[in-house]
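Worksheet: the structure to be examined is printed underneath.
Derivation of every value follows stated rules applied to the coordinates shown; laboratory data play no part. These numbers were taken from a predicted model, which means no experiment stands behind them. Here the Cβ positions follow ideal geometry from the backbone for every residue, glycine too, while neighbour counts run over all protein chains shown.
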Amino acid sequence: MKGESAISAWQLAVLLFLSRVTHFFLAEPQREGPQALTAAIWLPLSILASVLLLLPAYFLLQKNKGKGLLDIAGERWGRMGLLFPVVFLLFSICVLVQTACSFSYFLTSAAYPQSSPWTLILLIFVVAGYTASMGYEPTARFGSFVLVALVAAVLFVGVSVWPQAQWEFLRPPSYDGWQSQLRLFIRFTLGNVETVALLFLLPAVNKNGGGVFWKWSLLSFVVLDGIILFATAALGDYAGTQRFPFYAVTKIAELSIFQRLDSLHMAIWVFLALIRLALFLEVGGKSLARLLPQKASKYAVSICTVVSALLSGFFIGLPNILEKLGNLFAGGIPVLLLTVLLPILLLLSKRKKEAGQ
């Protein structure tokens with residue numbers, strides 16, 4: 001896999017981070033949950049819990065260096081190993097549909113209410129599909145540019161809202177019940193779909209693949225905690241009424257030389273959506289390629305793009321189903337299945353084979 005298109009540990013960490021930020025901007029704000037300070041505390045704790053959950057996958061990949069989960073499954077399970085690419089493909093398509101529909105809803109509700117959701121979905125998939133077809137390295141280079149723009153925008157907004165910040169709105173975790181905190185912990189730990197992309201794409205890292213998780217976690221901890229705290233301090237209780245709190249912050253942010261920053265945030269958000277879609281199109285495309293004849297495998301990303309676009313256009317008019325899909329991801333079952341259960345099954349099957357020898 002490394003020979004196909006190798007990237008550095010930092011580049012993959014950046015892609016995973018940008019994808020998670022996109023989900024945070026779109027999916028997290030809409031859920032009623034604990035106070036901002038509670039979320040800021042549980043985020044690093046969820047990272048530590050993820051380390052424990054990923055130990056089986058870590059040992060599996062360490063014993064099979066240079067191989068991905070699909071390669072290992074094919075060696076251990078034979079034809080039954082095709083179950084792995086099928087599950088990864090379905091998972092990726094669900095993430096793509098949720099992301100594209102959330103993207104369309106965001107733009108049509110916050111910025112361009114007269115736009116057609118179908119048109120927006122089509123345009124974003126055309127660009128994302130082309131980006132994914134170029135491979136990991138071009139996507140990673142684009143991601144580095146987006147990271148710089150995102151950090152700059154966050155700093156601009158932070159500086160502009162600092163004088164208006166009301167830190168008394170950062171209430172201690174004691175204001176939240178234990179059930180609410182438990183749901184938040186599960187969402188942060190097992191609702192993090194980028195963990196699946198991490199395990200899938202880790203063999204593409206040219207060296208020091210073990211550092212990807214910690215680089216990604218550090219970026220997530222610093223930037224997301226900062227966004228959570230500043231958005232709440234700037235909006236106060238008003239944040240709870242906003243579908244997209246950080247976008248609301250950008251609309252009220254003003255700098256002497258930048259004036260309104262909401263348009264800047266809009267452009268960056270579009271770039272973030274492209275990164276997330278391209279990332280999971282690569283995961284879905286690589287999975288689909290395992291199921292197609294060799295001559296047809298080169299069209300796997302294109303097929304995945306078309307199918308995801310059609311499904312997104314269909315489900316954009318079915319908000320109840322999209323909500324159930326979001327709740328399924330937030331509950332953590334899909335991530336638990338792909339990042340914990342399946343690696344454990346592969347480890348056990350290997351032990352059985354060795355015992356048989």
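Amide H contacts under 5 Å for Val205: Ile7, restricted to partners 5 or more places along the chain or on a different chain, H placed in the peptide plane at 1.01 Å from N. Across the range 63-118, the mean sequence separation of Cα contacts (distance under 8 Å, 6 or more residues apart), normalised by length, yields a relative contact order of 17 percent.
From most to least packed by mean Cβ count within 10 Å, the peptides 222-233, 45-56 give 222-233, 45-56. Residues of the range 266-300 with an amide N closer than 18 Å to a point placed 7 Å from the Cα of Phe145 along the Cα-to-Cβ direction: 266-279. A simple packing score, the average count of other Cβ atoms within 10 Å per residue, orders the peptides 143-156, 124-137 as 124-137, 143-156, with the highest score first. Pairs from the table (Lys67/Lys215; Lys65/Lys324; Lys67/Lys324) lying more than 31 angstrom apart at Cα are Lys65/Lys324; Lys67/Lys324.
Rounded to the nearest Hz, the phi-derived 3J(HN,Hα) couplings of the range 309-320 under the Karplus curve 6.51 cos²θ - 1.76 cosθ + 1.60 (θ = phi - 60°) are 5, 5, 5, 5, x, 6, 7, 4, x, 10, x, 5, where x marks glycine and proline. For the range 52-145, trypsin sites (Lys or Arg not before Pro) are listed when DSSP marks them as loop and at most 10 other Cβ atoms sit within 10 Å of their Cβ; the list is Lys65. Peptides 13-22, 286-295 ranked from most to least packed, by the mean per-residue count of other Cβ atoms within 10 Å: 13-22, 286-295. Coupling constants for the range 286-294 follow from the phi torsions by the Karplus curve (6.51 cos²θ - 1.76 cosθ + 1.60, θ = phi - 60°), and in residue order they are 5, 5, 5, 4, 5, 9, 9, x, 4 Hz; glycine and proline get x. Here the Karplus relation 6.51 cos²θ - 1.76 cosθ + 1.60, evaluated at θ = phi - 60°, turns the backbone of the range 116-124 into coupling constants of 7, x, 4, 4, 5, 5, 4, 5, 5 Hz, with x for every Gly and Pro.
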